Amino acid sequence: MPERLTRRTYRRTARRPGSRRGRHPLLLSAAGAVVVLVFLVPYLVMLVGSFKSRPEILSVPPTYLPKQWHPGNYLSMWSTPETPLPFNLVSTLVISFCATALGLAVALPAAYYTARSRFPGRLAFLLLVLMTQMLQPTVLAVGLFREFVVIGIDDTWAAMILVNAAFNLSFAVWIMHSFFAGVPLEIEEAAVLDGASRLQTLRRITLPLVWPGIVTAVIFTFVACWNEFAASLVILTTDANQPLSVALTKFVGQYDSAWQYVFGVSVVAIVPVVVLFALIEKRLVAGLTAGGVK
């Protein structure tokens, strides 16, 4: 009887809102809300600033909400003489999608082969692939520009597609290599015994199992291509060929800056990435957490 009363008393104490056990979820929720707020505040400031006039943005003391909303900033920024934004948006889309597709087309067979074959120098090859991540486009931009001038593709989308695909290739290979290595070889051997070819086994058996890894590689490659700046600034000299990341700098001058357009272009630039994350959020989380639980 005393033991039963003790258990009941413990349960009641554990359920009390003021107990330590009851405070933990509240503390975690409060900490999560603070973290979310810290990350969202810059974007909120950017969004609100895009609806302000330039004098109001530079006013002292600053105003948190615009006294008069200017939604026309989003219309006028597309026809500014500083930069052809519609062409810049098209350039960004073409370069990002094509570079992601090219990088995936090369990284997929490379990751599969390195995960399934034990060829001489395999470890050295993987380390060499990893070392390429240390080379940034900023360091190699001038050399790449001279190379593209010799080839004859400087100031073209093709040049930036090759650059972005090459600099994100190693990351995609390493991501998908770990996923291919995690698929048991016996599954593919059973498919081969049933009469499937190597290509059919890869397409029908292996790829569906590593799909979260492919999605993870695609999203990170696409975001890296979308935000690339240094190489585009050097290689693409025509205003219409430059991506949004470079076109954004045209609104910031030495003596005058159109901050309302800077905020507006920044909002437009992050919308496709946010939409992409929202569409594949579940698969992205599955790819990032795969292997965490055995």
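Taking the numbered list (1) more than 26 Å from T83 (Cβ to Cβ); (2) touching a residue at least 24 places away in the same chain (Cβ under 8 Å); (3) open to solvent by 10 Å² or more (accessible area, probe 1.4 Å) in turn, A217 passes all entries but (3). Here L85 meets each of (1) within 30 Å of V183 (Cβ to Cβ); (2) open to solvent by less than 50 Å² (accessible area, probe 1.4 Å); (3) in contact with a helix residue (DSSP H, G or I) (Cβ under 6 Å, 6 or more places away or on another chain) with one exception, condition (1).
Going through the range 61-77 one residue at a time, which ones are surrounded by 15 or more Cβ atoms within 10 Å (Cβ to Cβ) and either touching a strand residue (DSSP E or B) at 6+ places or on another chain (Cβ under 7 Å) or not in a loop (DSSP other than H, G, I, E, B) (or both)?
Hits for the range 61-77 are N73, Y74, M77.
Residues of the range 48-60 that are assigned to a helix (DSSP H, G or I), within 30 Å of the chain's Cα centre (by Cα) and not aliphatic (A, V, I, L, M): G49 alone. Among the candidates F125, F119, the residue that is assigned to a helix (DSSP H, G or I) and open to solvent by 20 Å² or more (accessible area, probe 1.4 Å) is uniquely F125. For the range 201-234, the set of residues classified as within 23 Å of G143 (Cα to Cα) and more than 22 Å from the chain's Cα centre (by Cα) consists of V234 only.
The values are calculated or read from the model by the stated rules, or taken from the named source; none is laboratory data. The structure displayed is predicted, hence computed values, not measured ones. All Cβ positions, glycine included, derive from the backbone under ideal geometry; neighbour counts span all protein chains shown. Ligands, DNA and RNA are excluded from the accessible area calculation, which covers all protein heavy atoms including side chains. Shrake-Rupley method; radii C 1.70, N 1.55, O 1.52, S 1.80 Å.
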